[in-house]
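Note sheet for the following structure.
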Amino acid sequence: GENVEQHPSTLSVQEGDSAVIKCTYSDSASNYFPWYKQELGKGSQLIIDIRSNVGEKKDQRIAVTLNKTAKHFSLHITETQPEDSAVYFCAASTRSGSGNTGKLIFGQGTTLQVKP
Amino acid sequence: KAGVTQTPRYLIKTRGQQVTLSCSPISGHRSVSWYQQTPGQGLQFLFEYFSETQRNKGNFPGRFSGRQFSNSRSEMNVSTLELGDSALYLCASSRGGQASTGELFFGEGSRLTVL
C-alpha cells in the first residue's frame, strides 16, 4: 500500500547549523511532495513542495531534493534559527487528471529543536 | 481571508458515545479533507469531500463517516467511540479540481479524548 517513511523522528541542532530530514515513499505513481511545518497553537503550514518533473527546489534557507529513481526526497534547512523549531511532516500524493486532491500520505513527523 | 475553522477545539467523551466534529473551509475552497493525528502514527488520511461527494477514503473502519454541505462546510462523525480514537482530528481545505495547486490549508484541529 501507500506508505511514507520519515527520518529522523527527532533532530536537535545548534543555531546556525543545517538540518536535513529524509523521506522515502512507496507509490511510484506519486508526483507531488509537500513539506508541512506544525507549530503549537497554529495549523500546519506548507513550507515548500516539489513536483516529480524537477530534482531540486529552493526557497531562501529551505530546499527540497527529489530522487525519483530511489523514491527519496529530503528537506534541507540552512542557517537554522530558533523559530525553525517545530514538527515537520513530509507527504506524497498523486495528481490525477482532475487535478490535485486532498489525499496526502504523510510521514511520521520530525521534531526539530534549534538550540540558541 | 478567514482560515480553516474547526469546532469544537477540545472535547472529552466516554467509550461507546459518538462525536461530531465540524470544519468550515476557506471561502471558495470546495475540497475538505480530514486527518487523524496521533503521536505514534503521525497524520493519517480519513477521507476527502469535494462538491458534497466523497472523493477519497482512507483505511478507517465504518465508524468514521463524514459529509459535506452545499456551502462546503464539512462534518465528521465517529460512532461507538473506542479509547484508541483519542487523537487530534485535523481538517484541511483546498480549491480542489484543476485549479488546485495541491496545497492544503489546515485548521488547528479538534482534540478528542475518549475515557
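Looking only at the range B:8-46, count every residue that is on the phi > 0 side of the Ramachandran plot and in contact with a strand residue (DSSP E or B) (Cβ under 6 Å, 6 or more places away or on another chain) and tell me the total.
Adding up the residues that qualify gives 1.
Checking the structure you have, find out if any residue of the range B:7-25 is assigned to a loop (DSSP other than H, G, I, E, B), touching a Ser or Thr at 6+ places or on another chain (Cβ under 6 Å), modelled with pLDDT of 95 or more and buried (at least 16 other Cβ atoms within 10 Å of the Cβ).
yes
Confirm whether B:S86 is farther than 20 Å from B:S27 by Cβ, at pLDDT 95 or above and polar (S, T, N, Q). Spell out how you get there, then give the answer.
Values: farther than 20 Å from B:S27 by Cβ: yes; at pLDDT 95 or above: yes; polar (S, T, N, Q): yes.
In short, yes.
Take the conditions without any contact (Cβ under 8 Å) to a residue 40 or more places away in the chain and crowded, with 20+ Cβ neighbours inside 10 Å and apply them to B:G96. Does it pass?
So B:G96 fails the test.
Please report, ordered by residue number, the strands (runs of 3 or more DSSP E) entirely within the range A:28-116 with at least 3 residues that are within 14 Å of chain B (Cβ to nearest Cβ).
Fully inside the range A:28-116 and qualifying: A:32-38, A:45-51, A:86-92.
For the range B:29-75, name all the residues that are more than 10 Å from every other protein chain (Cβ to nearest Cβ), touching a residue at least 40 places away in the same chain (Cβ under 8 Å), buried (at least 17 other Cβ atoms within 10 Å of the Cβ) and small (G, A, S).
Residues satisfying the conditions are B:S72, B:S74.
Could you please find all residues in the range A:33-80 being among the aliphatic types (A, V, I, L, M) and surrounded by 15 or more Cβ atoms within 10 Å (Cβ to Cβ)?
Answer for the range A:33-80, where residues must be among the aliphatic types (A, V, I, L, M) and surrounded by 15 or more Cβ atoms within 10 Å (Cβ to Cβ): A:L46, A:I47, A:I48, A:I50, A:I62, A:A63, A:V64, A:L66, A:L75, A:I77.
Out of (1) out of contact with any Pro (no Cβ under 7 Å at 6 or more places or on another chain); (2) part of a strand (DSSP E or B), the odd one out for B:N59 is which?
Going through (1) out of contact with any Pro (no Cβ under 7 Å at 6 or more places or on another chain); (2) part of a strand (DSSP E or B) one by one, B:N59 breaks only (2).
Output the number of the condition that B:G3 fails; it satisfies all remaining conditions of (1) assigned to a strand (DSSP E or B); (2) under 30 Å from A:Q6 (Cα atoms).
Here B:G3 meets the rest and fails (1).
Yes/no per residue for (1) closer than 18 Å to A:F89 by Cβ; (2) of a type in the set (K, R):
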residue	(1), (2)
B:Y49	no, no
B:G62	no, no
B:R67	no, yes
B:S74	no, no
B:G84	no, no
B:L90	yes, no
B:G102	yes, no
B:F106	yes, no
B:R111	yes, yes
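Within the range A:7-32, which residues are crowded, with 16+ Cβ neighbours inside 10 Å and at pLDDT below 95?
Once the filter is applied, which keeps residues that are crowded, with 16+ Cβ neighbours inside 10 Å and at pLDDT below 95, the range A:7-32 yields A:S30, A:N31, A:Y32.
The values are calculated or read from the model by the stated rules, or taken from the named source; none is laboratory data. Bear in mind the structure is a predicted one, so any value in this text is a computation, not a measurement. Here Cβ is always computed from backbone atoms with ideal geometry, including for glycine, and neighbour counts include all displayed protein chains.
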